[in-house]
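The block underneath contains the structure these notes are about, expressed in structure tokens.
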Amino acid sequence: MPYVNIQITAGATREQKSQLVADATRSLVEVLNKKPEHIHVVITEVDEENWGFAGMLTDDWRKLKG
């Protein structure tokens with residue numbers, strides 16, 4: 001039973017998350033011949049202050065890049 005964990009910073013819409021689930025599922029069906037009903041996709045939203053990027057917290061990095 002495939003399990004996919006997608007971690008993103010907060011802010012994606014429900015429609016965008018739905019598309020991620022559909023795309024991940026379709027890929028596992030096409031590439032690995034898995035049954036869609038056996039595929040689990042979990043989307044974890046992480047606050048930018050809890051995500052590090054380029055040696056700093058993402059919210060700080062975004063402020064610098066303005």
Only one of VAL4, VAL31 is among the hydrophobic types (A, V, I, L, M, F, W, C) and loosely packed, with under 12 Cβ neighbours inside 10 Å; which?
VAL31
Residue pairs meeting the criteria (Cβ under 8 Å; at least 6 apart or on separate chains; first among the basic types (Lys, Arg), in the stretch 9-32; second modelled with pLDDT of 95 or more)
LYS17/ILE43
Matching residues in the stretch 36-49 - criterion: being touching a residue at least 12 places away in the same chain (Cβ under 8 Å) and either more than 28 Å from LYS63 (Cα to Cα) or among the charged types (D, E, K, R) (or both)
HIS38, ILE39, HIS40, VAL41, VAL42, GLU45, ASP47, GLU48
Single residue of the stretch 7-28 satisfying the filter (of a type in the set (A, V, I, L, M, F, W, C) and in a helix (DSSP H, G or I)) that is surrounded by the fewest Cβ atoms within 10 Å (Cβ to Cβ)
ALA22
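Counting only residues that are without any contact (Cβ under 8 Å) to a residue 40 or more places away in the chain and surrounded by 12 or more Cβ atoms within 10 Å (Cβ to Cβ), how many does the stretch 53-66 have? Don't jump to the end; show me each part of the working.
We begin by selecting, within the stretch 53-66, every residue without any contact (Cβ under 8 Å) to a residue 40 or more places away in the chain; these are 53-57, 59-66.
Keeping just the survivors that are surrounded by 12 or more Cβ atoms within 10 Å (Cβ to Cβ) gives 53, 56-57, 59-62.
Of the residues in the stretch 53-66, 7 are without any contact (Cβ under 8 Å) to a residue 40 or more places away in the chain and surrounded by 12 or more Cβ atoms within 10 Å (Cβ to Cβ).
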Take the residues in the stretch 1-35 that are among the basic types (Lys, Arg) and within 24 Å of ARG62 (Cα to Cα); name whichever of them is farthest from the chain's Cα centre (by Cα).
ARG14
Would you pick out the residues in the stretch 21-66 that are in contact with a Ser or Thr (Cβ under 6 Å, 6 or more places away or on another chain) and acidic (Asp, Glu)?
GLU48
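The values are calculated or read from the model by the stated rules, or taken from the named source; none is laboratory data. Predicted model, so just to flag it, every value in this text is computed and none were measured. We place every Cβ from the backbone using ideal geometry, glycine too, and count neighbours over all the protein chains shown.
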